[in-house]
Amino acid sequence: MILLDGKKTAQTLKEEIKQAVTSITDKGKRPPHLAAVLVGNDGASLTYVGSKVRACDYVGFESTLIQLEASTTEAELLKHIEDLNKNPELDGYIVQLPLPKHIDEEKILLAIDPAKDVDGFHPANFGRMALEMEAFIPATPFGIIELLERYQIETSGKHCVVVGRSHIVGRPISILMSQKGLAGNATVTVAHSRTKNLNTLTKEADIIVMALGIPEYLTAPMVKEGAVIIDVGITRVPDSTHPKGYVIKGDVAYEEVASKASAITPVPGGVGPMTIAMLLKNTLLAYHRNH
Ligand code: GUN
């Protein structure tokens, strides 16, 4: 069984990005600059944004964190976005999701300049990705593709079942894996909450991408011997025996599924670290496109 080590692969990627930054700053130019906008105090979002800022520091990027009160109005947030769009010293930025309920997420995403949309959530980028044009690809599916490529996992002609159809993971990874190119050319089935006989589908799959958000949903009887398992789940499950009061669980019952899989991503240490590394990669791409 091959452990698809996202932590190690992300570290390699970060070293590559760090070197690229050094060669930029050695020429006397400013380093790439990423900003993150966080509205409110959601615990998981604070953790993610904190990790993104630390990763920027590590590779030598400049970073800006714009932390706003949960009561921030849509108009106030749109003003911040306008300023970020206009700032020539900024290569890319993200607006951490989810946003408070009184803010229209779609309106915010549409206001982001696609040239600075390093999350790849703007319809211009999503459409370009779907048409195989140059685009910013959302960091989580981009990270999965990178992991499959670096571990030379054969995807061509394989049956891949993606469980989940979110705009951030399920939908884009299903598009990318069916496209021509590396980690592509798969025959992709997208399963979701209305899918009938999910077990029959997963049992036939050569590759399973779990992006459902239900802890330990995929069990050994649902998996074919030798399948490749990608676990995108990161759910905080309350656990009073743990100092933080919770443990992080993936969508896969890891131990029992790992014993049947030919390759599998752990949680934590699988897809999660890759997401952050690919956000950095997108920011470096944005920098080069703007210079
Ligand atoms: N919330 C959960 N994942 C993401 C992500 O990749 N980007 C942003 N902006 N928000 C998220």
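The values are calculated or read from the model by the stated rules, or taken from the named source; none is laboratory data. Keep in mind that what you see is a predicted model, and the values were worked out from it rather than measured. Positions of Cβ are backbone-derived with ideal geometry, glycine not excepted, and every protein chain shown enters the neighbour counts. Please note that ligands, DNA and RNA were not included when accessible areas were found on the heavy atoms of the full protein model with its side chains. Shrake-Rupley method; radii C 1.70, N 1.55, O 1.52, S 1.80 Å.
With the simple spin-label model, which puts each label point 7 Å out from Cα in the Cβ direction, the V237 to H102 separation comes to 3.7 nm. Beyond 24 Å in Cα-Cα separation lie the following of the pairs K158/K249; K18/K107; K224/K249; K27/K281; K7/K116: K158/K249; K18/K107; K7/K116. Taking the protein heavy atoms of the chain in the context of the full set of protein chains, the accessible area attributed to carbon and sulfur is 54 percent at 1.4 Å. For trypsin sites (Lys or Arg not before Pro), the sites in segment 92-179 that DSSP calls loop and that have at most 10 other Cβ atoms within 10 Å are K101. Enumerate the calculated ³J(HN,Hα) couplings along segment 38-54 in order (Karplus 6.51 cos²θ - 1.76 cosθ + 1.60, θ = phi - 60°), each rounded to whole Hz, writing x wherever the residue is Gly or Pro. Each residue's phi maps through the Karplus curve to give 10, 10, x, 10, 4, x, 5, 5, 4, 4, 4, 5, x, 5, 5, 5, 4 Hz. Based on protein heavy atoms only, the chain ends up with 47 Å² per residue of surface accessible to a 1.4 Å probe.
When +1 charges are put on Lys and Arg Cβ atoms and -1 charges on Asp and Glu Cβ atoms, the dipole computed for the chain relative to its Cα centre reaches about 320 debye.
Taking the centroid of alpha carbons for each part, segment 231-245 and segment 40-81 are 23 Å apart.
Gain on full extension, evaluated as 0.36 nm per residue between R150 and E255 minus their Cα-Cα distance, stands at 35.4 nm. Annotation for segment 1-38 versus segment 154-221: alpha-carbon center distance of 28 Å. Whole Å is fine, so just give me how far the alpha carbon centre of segment 90-135 lies from that of segment 248-273. One Cα centre to the other: 29 Å.
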